[in-house]
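The values are calculated or read from the model by the stated rules, or taken from the named source; none is laboratory data. Everything numeric in this text was worked out from a predicted model, so none of it was measured. A quick note on method: Cβ atoms are made from the backbone with ideal geometry, for glycine too, and the neighbour counts reach across all protein chains shown.
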Amino acid sequence: MRQVPIKGFPGYEITDSGRVWSCRRKVWMKPVLNDGRYYKVTLFGKNLKLHRAVAVAFIPNPENKPQINHINGDKLDNRVENLEFCTQVENMAHAVKCVPQKPQSKPSTKLRESDVLLIKDELAVGKISQSKLTKMFGVSRGCIYKIKYGINHANT
């Protein structure tokens, strides 16, 4: 996992998977959904979309393309390998081509693949307890346990 300072936001760093670290408070910032479409955090009273922050921090943009495309079509998957700079025309063409993804598991699943990746990151870092993760994501302790030990969501 790579982690670099966020340009324009001193004291904050972003990882290549889209997590924001507060250097001053020594905590991971909790992202929220912006209009139900993109993850964001609020820093110094400004909304920072995580996909844009990851792209700016880790992806060269020599052609100065203004938009960011989620390659796999999942707007909540902010891993650097899933992002690319694009024009509005390229972004719209990709959106038309994108077929809605089939669910990762049963339709009743509460977690998206991006949520599972965030939980795995939190468990690896070890700063947030499993019980706090259950409250954050609205799942059972058994679900967190299965994610931790690769019993469920094994291919994420």
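Values computed for the structure shown
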| read-out | value |
| --- | --- |
| Residues of segment 61-97 classified as out of contact with any Gly (no Cβ under 8 Å at 6 or more places or on another chain), part of a loop (DSSP other than H, G, I, E, B) and of a type outside the set (S, T, N, Q), total | 10 |
| The lone exception for PHE137 - which of (1) at pLDDT 85 or above; (2) buried (at least 17 other Cβ atoms within 10 Å of the Cβ) it fails | (1) |
| Residue match in segment 31-53 (condition: among the charged types (D, E, K, R), in contact with a Ser or Thr (Cβ under 7 Å, 6 or more places away or on another chain) and modelled with pLDDT of 95 or more) | no |
| Sole residue being at pLDDT 95 or above, closer than 21 Å to LYS132 by Cα and among the polar types (S, T, N, Q), chosen from SER22, SER114 | SER22 |
| Pick from segment 8-51, criterion loosely packed, with under 11 Cβ neighbours inside 10 Å and basic (Lys, Arg), ranking: nearest to the chain's Cα centre (by Cα) | ARG37 |
| Among the candidates VAL56, VAL80, residue that is surrounded by fewer than 19 Cβ atoms within 10 Å (Cβ to Cβ) and without any contact (Cβ under 8 Å) to a residue 60 or more places away in the chain | VAL56 |
